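Take a look at the structure below.
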Amino acid sequence: MLRYTLKRLLSLALSLIVASVVIFVAIEVVPGDPASYMLGINAQPDTVAALREELGLNVGPFQRYVNWITGLVRGDFGTSYTYRTEVADMIGERLWISLPLALFALTMSTLIAFPAGILAATKRGSAWDVAVMGVTQLGVAIPNFWFAMLIVLVFAINLRWFSAGGFPGWDQGLAVGLKALLLPAISLALPQASILARVMRSALLDTLDEDFIRTARAKGLTRRQVLRRHALRNAMIPVLTIIGLQFSFLLAGAIIIENVFFLPGLGRLVFQSISQRDLIVVESVVMLLVFAVVVVNFAVDLAYAAVDPRLRSRG
Amino acid sequence: MKHFTIKTAFAGVAVLALSAGLAQAAQTDITVGMQLEPPHLDPTSAAAGAIDSVTYANIFEGLTRFTSTGAIVPGLAESWDISDDGLTYTFHLHDGVKFHDGTDMNADDVKFTLDRARAEDSANAQKALFAAIAEVNVIDPLTVEVKLSEPNGNMLFNLAWGDAVIVAPESIDTIKTNPVGTGPFKFSNWVQGDKIEITRNPDYWGTPAKLEKATFKFISDPTAAFASVMAEDVDVFTGFPAPENLPQFEADPRFQVLVGSTEGETILSTNNKMPPFDNVKVREALAHAINRQEIIDGAMFGYGTPIGTHFAPHHPAYVDLTALSTHDPELSRKLLAEAGFPDGFTTTLKLPPPSYARRGGEIIAAQLAAVGIKTEITNVEWAQWLEQVFRGKDYGLTIVSHTEPLDIGIYAQPDYYFQYDNPAFQALMEELNATTDPTKRAAMLGAAQATISKDYVNGYLFQLAALTVANAKVVGLWENAPTQATDLTAVYWED
């Protein structure tokens, strides 16, 4: 187990280093000078030069990379060009929306997908199975932003049960906050739940066909017991993989949904910062997201080992 | 944490009931939606119009100010004297004006503001507004004297810009996140990425604001903007980004739609130094290939006023020159043949993000293709546009709305991105700057408009409309946008 963990850790560190170089290069080669962007078309050249100096843009790219990385390692994410506030504080504030939203959506998707997938697999070929497959097919096909607009139209504009978007802040109470995140979470959860339910179903079906399931039944276990003790546990590997990928996607990929519901989350911060050429914010947020993805993958790897003892010994 | 659900649910119901009760009485708070969030809140050190949209007239005030029609009226200066040679302006300040932090606003602050804006290391995005100022002298706490190096007929106009608002030396270090001005509203809170809140300034020197509180909410997505107004999450949306939805609001008695004018001349900017556009015949052919109404209908859903020159139609000195560039593909082809391009040519068309450019660009490309001019369309982000088009001059055609008020003077800069170099026009502008007599100025402005129109410097398309959607009960909003502002000073709710 220790060797397995160490190997995973090493690959985690390597991924991070490679990612940081790629991110920095990709963002720095995009044309567009942040200082001229901020000052607009009537600015005089000496004003732009003064601002470039102030933003620390007058040093070479290599030096800027070194400054950025050494800052990150020390936990200093730098100062936003446009907002002139600490990037770390900005990310911290936005995480309070993006993280709960991702968790909310993931919980919802898991709570829907598990029962649906299990039901479809155990009652293979039944009306239930057809219904689950049909609905999830639709769920996978519908783009989440379109679904988001649809539920805004129904629940915010017509029924007026919810706000069309925005976030009142957690200081208004947990219920108010969760209510504001409900529609976005549903929009995010729908396609994820559909995918997860289908994966759950096929993984479970594969397992149920295995010899050891027949053996377990033969030794006298009930269907339910076989399902719980043997089938589900073995079907978990692909499901965990998908959940891991989905969490990273929910955290990083909510950009469109955050725009539809005008939620001040991480996705919207990246979106805004790219158009405003707030390079330092883009670099730091993307790096943070990479970090999150890599760490989630690491956690998933550890979870594999937990459900599948063979992985531990193989190292 | 265990008890949160029941308790907060009750609290939520109580708040709902309370707010429903309050809604019965005249409402004193307002939520204003807008697309762009300001990067920070110092209007004197950035070009971002969103800063003025929040702070102008609400938080900060200048010596003079714009009204909704674009007229210049006294602001912090209650009156002024101009010397006969036009070189000395003496401003008499209002008595008893205080900044939001309680300190007095006096002549020292005015001197500080103007000196800071025109200083060597100034970060003012419109530094040119202050170029004529030679020195600023404090006569007494309520009198300040501004000496110019040459007469400048635009001085009072320049001082009304958001970039010229009066700031205090004490609060300058933190102005970007905690703006301290003299206006009828005080800054109270900013949740970055989401909203900015301002509250009424109880110690305001002038007529106090009727609203107690205002919240600016930033909603960039056009569909989300539509939904937020429909669901009544916001009471007012200025610069409404989805013109296709306006008929729906007009038909709904809950809302009012205000269609006004802006300072945004939307033009097909042309690289006058790049062949074949260095040939005036080619530029004239370009002008006759364009069908303005088709662009306004197709790209702006009918909102916009056709223009024939680089000047706002609502300005008293405007001359309608659209007749010089009527839609006439036949003439256009003939002119191209005369210029030596009987089969047309190929050029680049770079389009920045706004929909007037992206949608309008497709329509213009089709119109140009009809006379044989083929365009390679490239969509660019603003930062790229600034770098490639504006600074690099690496373009044939581009579509941009020039939103600065009274900016015809840019045609006198030969290295401006159109690269239009006409000494006669430059001389005319110099003369205009030195003239203060309004009648003479109007005549000169008319001549200037005609010159650029007859030289077909750019394709003149339309004046951008100011589109505002608001709750039908909100009174006192600006219909026009003579500068970027959301002046809430006189806004209130009708019972």
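Details
- Taking the empirical scaling 2.2 N^0.38 Å for compact globular proteins as reference, segment A:95-314 has a Cα radius of gyration ratio of 1.17.
- The interface between chain A and chain B buries about 3900 Å² of solvent-accessible area in total (1.4 Å probe, ligands and nucleic acids excluded).
- Centroid-to-centroid separation of segment B:237-307 and segment B:360-435 [C-alpha atoms, Å]: 15
- Whether segment B:375-495 is rounded, prolate or oblate, judged on the alpha carbon gyration tensor where a/c under 1.5 counts as rounded: oblate
- Over the residues of the protein assembly as shown, the helix contribution to mean residue ellipticity at 222 nm works out to -14500 deg cm²/dmol, using -39500 (n - 2.57) for each DSSP H run of at least 4.
- A probe of 1.4 angstrom, applied to the heavy atoms of all protein chains, finds B:Ser171 with accessible area near 10 square angstrom.
- Taken residue by residue and averaged, Cβ atoms of other chains lying within 10 Å of the Cβ of B:39-46 number 3.
- Accessible surface computed residue by residue for chain B, with neighbouring protein chains in place and a 1.4 Å probe, gives 39 Å² per residue.
- Around the Cα centre of segment B:61-169, unit charges on the Cβ atoms of Lys, Arg, Asp and Glu (plus for the first two, minus for the last two) sum to a dipole of about 360 debye.
- Label-zone membership for segment B:412-440, site B:Ala447, 7 angstrom Cα→C-beta point, backbone N under 18 Å: B:412-413, B:422-440
- Each Lys and Arg adds +1 at its Cβ and each Asp and Glu adds -1 at its Cβ; summed about the Cα centre, segment A:2-74 shows a dipole of about 740 debye.
- Modelled spin labels at A:Ile237 and A:Phe114, positioned 7 Å past Cα toward Cβ, are 2.1 nm from each other.
- Label-point gap, in nm, between B:Asp140 and A:Ala13 - each point 7 angstrom along Cα→Cβ: 7.5
- Placing +1 on the Cβ of every Lys and Arg and -1 on the Cβ of every Asp and Glu, with no other charges, gives segment A:95-314 a dipole of roughly 980 debye about its Cα centre.
- Partners for B:Lys473 among aspartates and glutamates (Cα-Cα distance below 19 Å; same-chain residues under 8 apart left out): B:Asp29, B:Glu212, B:Glu232, B:Asp233, B:Asp235, B:Glu250, B:Asp252, B:Asp487, B:Glu494, B:Asp495
- Approximate spin-label separation A:Val295-A:Gln137, in nm, with each point projected 7 Å along Cα-to-Cβ: 4.1
- Chain B: C-alpha gyration tensor shape, a/c 1.5 cut-off, then a/b vs b/c: oblate
- Positive-end extreme of charge dipole, the protein assembly as shown - chosen from A:Thr207, A:Ala43, B:Thr439 (charges on Cβ): A:Thr207
- Whole-Å distance, taken between Cα centres, linking segment A:33-51 and segment B:133-211: 22
- Charge context of A:Ala49, other residues only, Cβ under 15 angstrom, K/R +1, D/E -1: -3
- Reducing segment B:436-483 and segment A:239-300 to their Cα centroids gives an inter-centroid distance of 43 Å.
- With 30 Å as the limit on Cα-Cα distance, the pairs of B:Lys147/B:Lys454; A:Lys123/A:Lys219; B:Lys111/B:Lys393; B:Lys111/B:Lys213 that go past it are B:Lys147/B:Lys454; B:Lys111/B:Lys393; B:Lys111/B:Lys213.
- Listed residues B:Val138, B:Val229 arranged by accessible area, highest first, probe 1.4 Å: B:Val138, B:Val229
- Taking GluC sites (Glu not before Pro) across segment B:120-195, the ones in a DSSP loop with at most 10 further Cβ atoms lying within 10 angstrom of their Cβ are B:Glu120.
- Segment B:61-169 pair-distance distribution - Cα-Cα, 10 Å bins, rounded %: 15, 51, 31, 3
- FRET efficiency, 1/(1 + (r/R0)^6) with R0 25 Å, evaluated for B:Asp108 and B:Asn178 via beta carbons: 0.75
- Using R0 = 22 Å, the C-beta based FRET efficiency linking B:Thr28 and B:Ala472 works out to 0.80.
- Net charge contributed by nearby residues that have their C-beta within less than 9 Å of A:Leu266 (K/R +1, D/E -1): +1
- Residue-count net charge about A:Val29 - beta-carbon cut-off 15 Å; Lys, Arg +1, Asp, Glu -1: -3
- Length gained on full extension, A:Leu159 to A:Val29: 42.0 nm, using 0.36 nm per residue less the C-alpha separation.
- DSSP-defined antiparallel bridges as percent of all bridges, chain B, nearest 5: 75
- By accessible area with a 1.4 Å probe, ligands and nucleic acids excluded, highest first: order of A:Ser248, A:Ser11: A:Ser11, A:Ser248
- Ranked by how many other beta carbons lie within 10 Å on average, peptides B:375-385, B:314-324 from highest: B:375-385, B:314-324
- Set B:Lys127/B:Lys273; B:Lys217/B:Lys350; B:Lys176/B:Lys273 screened for pairs whose C-alpha atoms are more than 29 Å apart: B:Lys217/B:Lys350; B:Lys176/B:Lys273
The values are calculated or read from the model by the stated rules, or taken from the named source; none is laboratory data. Predicted, not measured: the structure shown is a model, and the values here were computed from it. Every residue, glycine among them, receives a Cβ derived from its backbone with ideal geometry; neighbour counts consider all protein chains shown. Just so you know, the surface numbers come from the protein's heavy atoms only, side chains and all, with ligands and any DNA or RNA stripped out. Shrake-Rupley method; radii C 1.70, N 1.55, O 1.52, S 1.80 Å.
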